[in-house]
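K.L.:
Sharing a structure below in structure tokens format, with a few things to ask.
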Amino acid sequence: MEKMLIGKGTGDAYLLSDKVNQHGLISGATGSGKTVTLKVIAEQLSALGVPTVIQDVKGDLSNISVPGAMNDKLAQRLEMLGINEFNFSGFPVEMWDVFGETGLPLRVTVTDLGPTLLSQILNLNEVQGGILNILFKVTDKEGLLLLDLKDLRSALNYMIERKDELSREYGNISAQSVQSILRALLTIEDEGGDIFLGEPGLEITDMLRTDANGRGVVNIIQANRLIQSPTLYATFLLWMISEIYESLPEVGNLDKPKLVFFFDEAHLLFNGISSSLEQKILQTVRLIRSKGVGIFFITQNPLDIPDSISSQLGNRVVHQLRAFSPKDEKAVKSVADTFRANPNLNTYSEILGLRTGEAVISFLNEDGAPAEAEKAMILPPKSSFTALDSVMTKAMVMTSPLYNKYKACVDRESAYEMLNRKILEREQELEAQRLEAAHKLELEQIEKAHKAEIAKLEKEKLKAEKEAEKASLKKAGQVGRPKKSVMEKGVDSFMGSVSRAVGREIARNVFGSLLKR
Ligand SMILES: Nc1ncnc2c1ncn2[C@@H]1O[C@H](COP(=O)(O)OP(=O)(O)OP(=O)(O)O)[C@@H](O)[C@H]1O
Ligand SMILES: [Mg+2]
């Protein structure tokens with residue numbers, strides 16, 4: 001087990017590497033020092049070879065890749081901390097971005113995201129959520145791959161077409177509910193959901209890397225744009241922890257964690273979520289420990305995190321909280337009460353009086369029990385405070401060993417293409433059937449007309465013959481081959497032309513051109 005020095009007070013505040021999977025909380029008012037504390041913890045984890053995943057909401061984290069530099073303020077802090085030797089250092093960073101703008105594109109397929117989180121993103125009600133569940137079942141069964149929004153849209157339309165048949169098997173599916181899911185897709189598209197839903201989806205193991213020197217990679221997820229769509233942000237992060245949970249094996253209690261996840265603006269995760277989803281988060285938070293994963297929640301108001309989850313967070317750093325109203329006071333009191341009491345410290349008033357970069361801390365001790373609350377000054381980070389410029393960020397992204405793997409979106413054959421092909425094939429089949437029926441009808445009509453014509457002509461011929469016979473009887477005594485009458489000649493030539501015409505028409509008919517008459 002390694003001890004990570006995070007702050008100094010009356011004693012040293014060490015975060016123990018084998019207790020990081022008992023999770024943590026970093027909270028405090030704006031500007032109180034949360035991000036710097038997070039950096040200090042992530043740096044030390046990296047030095048121990050532990051990779052981390054951090055959301056960068058304000059764009060002030062990528063500089064963890066650059067060594068810091070001494071200045072008066074830092075020198076003063078180090079002096080107060082009694083630290084004489086301080087080595088600045090940068091750490092290996094991988095930048096990720098859901099929108100693919102300032103990091104490796106972070107994508108997830110619709111199938112991977114699954115119906116529960118998708119319902120959450122689309123803000124669906126229970127009935128619509130149920131329909132989405134059916135959709136996943138049907139597409140799984142029929143081998144229709146749902147990768148992106150296009151696939152989802154085609155599959156929903158396909159569902160409307162087959163709603164009677166599907167309703168019989170799965171229960172009532174109303175076209176109206178499916179339509180409202182289709183409408184919800186438009187909203188998600190506006191928020192950029194069409195960019196992050198697709199392939200190649202993130203392989204979570206790509207976030208579990210160490211560099212050539214054995215230092216853990218700090219995976220920074222650019223979240224400044226993502227945070228504008230809080231539901232998308234929260235759902236994406238929930239998907240990530242569930243994916244981490246699913247992909248990693250049980251390892252029990254390790255000497256140091258395999259991965260540590262930092263949830264910035266954690267209140268967004270819990271804003272308006274259903275109690276069943278909260279239960280799922282709680283369950284994941286509990287169980288992910290034995291997979292060697294630690295989660296830190298970072299939030300301005302610690303009460304934004306539901307009690308059930310807050311009570312699972314063993315390592316606590318609370319920076320200054322402000323109490324402007326009796327309600328605030330009550331909130332700070334209840335936060336103070338979550339600490340193990342220290343007879344020499346009035347936790348409540350200390351929290352109110354903390355200065356920037358100071359905190360009331362309680363880390364889990366070697367026995368796994370929370371240490372007494374302690375006021376401490378947090379160490380400075382070893383990396384830079386200066387923000388990286390866009391050129392440096394871009395260079396970092398483009399030189400990543402993962403760049404080629406993730407840079408381009410791949411649109412392989414999935415539900416959209418398969419259903420389009422199905423529709424096309426069905427249309428072609430129907431057209432062929434229609435043509436065949438028309439041909440048949442046309443042939444029948446021609447044959448009928450032909451027969452009628454022949455019957456008519458034969459009747460006329462017979463009549464003419466009879467008349468001719470009569471005439472010849474009158475002109476008895478005439479010998480030799482009887483000459484054909486004018487009528488007979490006409491009938492003969494007419495017959496010839498009809499049979500030729502009919503022959504021609506049938507031939508044309510066989511080649512289809514008759515239909516165009
Ligand atoms: N441990 C520290 N060592 C040195 N400087 C610090 C430390 N903590 C905070 N500071 C100083 O205070 C500033 C604000 O801290 P920080 O950005 O961590 O606040 P925050 O709580 O994350 O605020 P916000 O809620 O607005 O994100 C830092 O930019 C830095 O100058
Ligand atoms: Mg911050």
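K.L.:
If you line up the long axis of helix 34-47 against the longest principal axis of the chain, both from Cα atoms, how many degrees apart are they, to the nearest 10?
P.N.:
90
K.L.:
Of P67, I41, I204, which is farthest on the positive side of the dipole of the chain, counting Cα position, with +1 on Lys and Arg Cβ, -1 on Asp and Glu Cβ, and the Cα centre as origin?
P.N.:
Checking the options against the dipole of the chain, the answer is I204.
K.L.:
Apply 1/(1 + (r/R0)^6) to the Cβ-Cβ distance of A387 and R426, taking R0 = 60 Å, and write down the FRET efficiency to the nearest 0.05.
P.N.:
Computed FRET efficiency for A387 and R426 comes out at 0.60.
K.L.:
Something else: Quick check: net charge around G353, other residues with Cβ under 12 Å of its Cβ, Lys/Arg +1 and Asp/Glu -1?
P.N.:
+1
K.L.:
Taking every eigenvalue of the Cα gyration tensor of the chain, multiplying by 5 and rooting it, what semi-axes result, largest first, whole Å?
P.N.:
Those come to 84, 23, 17 Å.
K.L.:
While we're on this one: Note the count of lysine pairs whose C-alpha atoms are less than 24 angstrom apart in region 426-474, limited to pairs 8 or more residues apart or on different chains.
P.N.:
18
K.L.:
I'd like the FRET efficiency for N253 and R286, computed as 1/(1 + (r/R0)^6) with the beta carbon distance as r and R0 of 25 Å, rounded to 0.05.
P.N.:
So, using R0 = 25 Å, E works out to roughly 0.95.
K.L.:
With θ set to phi - 60° and the Karplus curve 6.51 cos²θ - 1.76 cosθ + 1.60, what are the ³J(HN,Hα) couplings of region 380-397 in order, to the nearest whole Hz, using x for Gly and Pro?
P.N.:
Ordered by residue, 3J(HN,Hα) equals x, x, 7, 9, 6, 8, 7, 5, 6, 7, 5, 5, 5, 4, 4, 4, 5, 5 Hz.
K.L.:
Using +1 at the C-beta of Lys and Arg and -1 at the C-beta of Asp and Glu, which of L232, P302, N125 has the Cα lying farthest in the positive direction of the dipole of the chain?
P.N.:
Value: N125.
K.L.:
Now, a different point. Looking at F385, I195, L15, which one has the Cα that reaches farthest to the positive end of the dipole of the chain (charges on Cβ: Lys, Arg +1; Asp, Glu -1)?
P.N.:
Result: I195, furthest along the dipole toward the positive end.
K.L.:
Here is a further query. Extending each Cα 7 Å along its Cβ direction at M398 and K448, get the distance between those two points in nm, one decimal.
P.N.:
Using points 7 Å along Cα→Cβ, the separation is 7.6 nm.
K.L.:
Per 0.36 nm of contour for each residue apart, how much would the distance between Q179 and Y245 grow if the chain were fully extended, relative to their Cα-Cα spacing?
P.N.:
Roughly 20.4 nm would be gained on extension.
K.L.:
I've got another one for you. How large is the charge dipole for the chain, taken about the Cα centre, if only the Cβ atoms of Lys, Arg (+1) and Asp, Glu (-1) carry charge, to the nearest 20 debye? Present the calculation step by step, with values, prior to reporting the outcome.
P.N.:
On the way: 63 positive and 69 negative charges, 651 e Å.
It works out to roughly 3120 debye.
K.L.:
So, one more: What FRET efficiency would be calculated for the residue pair A212, N301, taking the C-beta separation as r and a Förster radius of 45 Å, to the nearest 0.05?
P.N.:
0.65
K.L.:
Can you compute the modelled spin-label distance between R322 and D72, with each label point 7 Å from Cα toward Cβ, in nm?
P.N.:
2.6
K.L.:
Taking the Cα centre as origin and putting +1 on Lys and Arg beta-carbons and -1 on Asp and Glu beta-carbons, what dipole magnitude results for region 111-190, to the nearest 20 debye?
P.N.:
Result for region 111-190 is approximately 160 debye, rounded to the nearest 20.
K.L.:
For the chain, the longest stretch holding no chymotrypsin sites (Phe, Trp or Tyr not before Pro) located in a DSSP loop with at most 13 other Cβ atoms within 10 Å is which?
P.N.:
Value returned for the longest uninterrupted segment is 1-323.
K.L.:
Between A29 and K440, how many nm apart are label points set 7 Å from Cα along the C-beta direction?
P.N.:
Here the modelled spin labels are 8.5 nm apart.
K.L.:
Starting from the amide H of N346, placed 1.01 Å from N in the peptide plane, find each other amide H under 5 Å away whose residue is 5 or more places distant or on another chain.
P.N.:
Residues meeting the amide H criterion: none.
K.L.:
Let me ask something else about it. Sketch the reach of a paramagnetic label on R355 as a point 7 Å from Cα along Cα-to-Cβ, and name the residues of region 12-53 whose backbone nitrogen lies under 15 Å away.
P.N.:
Counting backbone N atoms under 15 Å from the label point, the list is 32-33.
K.L.:
Separate question: Run lengths n ≥ 4 of DSSP H only: what is the helix-derived mean residue ellipticity at 222 nm for the chain, with -39500 (n - 2.57) per run over all residues, to the nearest 500?
P.N.:
Using -39500 (n - 2.57) per qualifying helix, the result is -15500 deg cm²/dmol.
We did not get these values from a lab; they are worked out from the coordinates using the rules stated. All values derive from a computational prediction rather than experimental measurement. We place every Cβ from the backbone using ideal geometry, glycine too, and count neighbours over all the protein chains shown.
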